[in-house]
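What follows is a single structure, written as structure tokens, with notes after it.
The values are calculated or read from the model by the stated rules, or taken from the named source; none is laboratory data. Note that this is a predicted model, so its numbers are computed, not measured. Don't worry about glycine lacking a Cβ; one is built from the backbone with ideal geometry, like all the others, and counts go over all protein chains shown.
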Amino acid sequence: MTGNKVVIDGCSLTLEEFVAVSVGLAPVALSPAAREKVLESRKHIEDVVSSGQVAYGVTTGFGKFADILVSPADTQALQQNLILSHSAGTGAPFGEAEVRGMMLLRANALAKGYSGVRAEVIDTLLDMLNKRVCPVIPEQGSLGASGDLAPLAHMVLVMLGRGQATYRGQLLSGDKALKECRMEPLVLQAKEGLALINGTQAMTSAGALALWRAANLAGTADVAAALSFEALRGIADAFLPGALEARPHAGALATGARIRDLLSGSSLVTSPGELRVQDAYSLRCIPQVHGALKAAIEHVHSVIATEMNAATDNPLIVRTDGGMRIVSCGNFHGQPVSQAMDYLGLSVCGAMGMAERRIERLLNPASSGLPAFLTARGGLNSGFMILQYTAAALLSESKILASPACVDSIPVSAGQEDHVSMGTIAARKARDIVNNACKVTAIELMCAAQAAEFLGPDRLSPLDHRAYALLREHSAALGEDRVLSGEIGEIAGMVASGDFVAMVDRQV
């Protein structure tokens, strides 16, 4: 990253840079060294076409039509027809950040110099990013194995002056959007249509954003758990280093240390036998469950970091001792991402389930010792009663979504493409699970802060009091019943973006 500009070279894009472009709208440029590699691989494609060599997707049809030769005179029509025929997605559109992520990742993959496209193709993608032309891309239709064919085809439609895009908040036709920002439609040349859509960028973009939000969620979940722990007068002995070091999973050790910091200075935590001999699992096992989530996030990050800088189309222009050659391979298969996304979704569900149990304990007078549903005038008021219903509904929905996609496969293209990953489905499911978990965490924060009203917020630890004060800037203490939906959404947004935990940890 140079200043606020992200420079792509196909090899070094980070998750932080990805988020800066997809969410933060940072400008992007192609590195000069990458441009040279792109030009080199393009020359090889032009040599293949001019010499009449047989090369999949360059001088042949696609999928089951791989054995049908196509005349060099039909090169442009072949690539355009590919985009038109593959623009068969359906359903609600991907979010703007996900689409911007797709364009960035596709440009970065092409920048590796394995794809044989002209530099103009990458420049068009980057111009669209920098001018905020955002294609409308339906979410459904990708099998995640010949690449994200349908989603990426819809992306390319706008590059050709077709399809639909948003520009400055307006929904426009593709040609109108390009005209508004003074861009010319791209005319695809040999292999370029195939190179643009044969990749894993839809699943990787949705997955990378889900990963980023999950990491933010994990940090905030520790704060919410610590605040609940104080409100429920938990026994902090379970977090002693000696106990956790007896089973030294890195995530559990890190979480235990974090919870100890969050509880430091509290006058609400108790000793064994003071109120009870030992706590329920949703309090005592926070390091083990949150630690497992952090371990999953670390693994998924390694997969996504690799995929963001991978050449995932087919065929590839491979450099060998004997020079360049075109190689058909399977780098477009999304199984690594698919499995990682299913793992992420399952892991987030585990932590979400524990948060819902703490919410229930906070609202249940039998376990909290506080007024039922955290309202001083129960009966006339329902207090936070329905917040647990909402949390339970979000958790139940997420458990259904957590059913793995990566184990499913349906053969397509007359059996030529006989094993697929369903990676984009896995990424979309993980995204939805993470979004649900951010809402559940917001609810836990709200309930724990309300519980503190009855115990005395001044008795909270310094860090938890900071979390309490931040919550009160966005959600007032509940006296009489009021509509809480908007407050849940606002706080959930702060959880997902990482703003909440960053403000709690800020230096003062």
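Quick check on region 441-448. Is at least one of its residues among the hydrophobic types (A, V, I, L, M, F, W, C), assigned to a helix (DSSP H, G or I) and over 27 Å from LEU283 (Cβ atoms)? No, there is no match, as no residue in region 441-448 is among the hydrophobic types (A, V, I, L, M, F, W, C), assigned to a helix (DSSP H, G or I) and over 27 Å from LEU283 (Cβ atoms).
Any idea which of (1) part of a loop (DSSP other than H, G, I, E, B); (2) surrounded by 17 or more Cβ atoms within 10 Å (Cβ to Cβ); (3) among the small types (Gly, Ala, Ser) is the one SER12 doesn't satisfy? It fails just one condition, (2).
How many residues does region 394-432 contain that are at pLDDT 95 or above and hydroxyl-bearing (Ser, Thr, Tyr)? Selection size over region 394-432: 4.
One residue alone among ARG472, ARG482 is assigned to a loop (DSSP other than H, G, I, E, B), over 30 Å from VAL300 (Cβ atoms) and either of a type in the set (Gly, Ala, Ser) or out of contact with any helix residue (DSSP H, G or I) (no Cβ under 6 Å at 6 or more places or on another chain) (or both), and that residue is ARG482.
Annotation note: of ARG168, ARG100, the sole residue that is touching a Cys at 6+ places or on another chain (Cβ under 7 Å) and among the charged types (D, E, K, R) is ARG100. Please work out if PHE62 is under 29 Å from the mean Cα position of the chain (by Cα) and among the hydrophobic types (A, V, I, L, M, F, W, C). For PHE62, the condition - under 29 Å from the mean Cα position of the chain (by Cα) and among the hydrophobic types (A, V, I, L, M, F, W, C) - is not met.
Matching residues to (1) hydrophobic (A, V, I, L, M, F, W, C); (2) touching a His at 6+ places or on another chain (Cβ under 9 Å):
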| position | (1), (2) |
| --- | --- |
| LEU104 | yes, no |
| ASN108 | no, no |
| ALA111 | yes, no |
| GLU120 | no, no |
| VAL133 | yes, no |
| GLN140 | no, no |
| GLY163 | no, yes |
| GLU184 | no, no |
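Region 309-410 holds helices (runs of 4 or more DSSP H) entirely within its bounds, and those carrying 3 or more residues that are assigned by TED's automatic domain parsing to the domain that holds ASP481 and in contact with a Pro (Cβ under 9 Å, 6 or more places away or on another chain) map to 335-363. Of all residues in region 371-391, those that are under 19 Å from ALA452 (Cβ atoms), under 38 Å from the mean Cα position of the chain (by Cα) and crowded, with 16+ Cβ neighbours inside 10 Å total 9.
Out of ARG233, ARG258, one residue alone is in contact (Cβ under 8 Å) with a residue 40 or more places away in the chain, touching an Asp or Glu at 6+ places or on another chain (Cβ under 9 Å) and not acidic (Asp, Glu). It is ARG233. A search for C-beta distances below 7 Å between a residue of region 9-21 that is at negative phi and any residue that is assigned to a loop (DSSP other than H, G, I, E, B) and of a type in the set (Asp, Glu), counting only pairs 6+ apart in sequence or on different chains, returns nothing.
Per the listing ALA111, ALA66, ALA92, the residue uniquely surrounded by fewer than 22 Cβ atoms within 10 Å (Cβ to Cβ), in contact with a strand residue (DSSP E or B) (Cβ under 6 Å, 6 or more places away or on another chain) and either within 25 Å of PRO336 (Cβ to Cβ) or modelled with pLDDT under 95 (or both) is ALA66. Considering region 185-270, the qualifying helices (runs of 4 or more DSSP H), each wholly inside and each with 2 or more residues that are within 22 Å of the chain's Cα centre (by Cα), closer than 24 Å to LEU463 by Cα and outside the structural domain of VAL133 (by TED's automatic domain parsing), run over 201-231.
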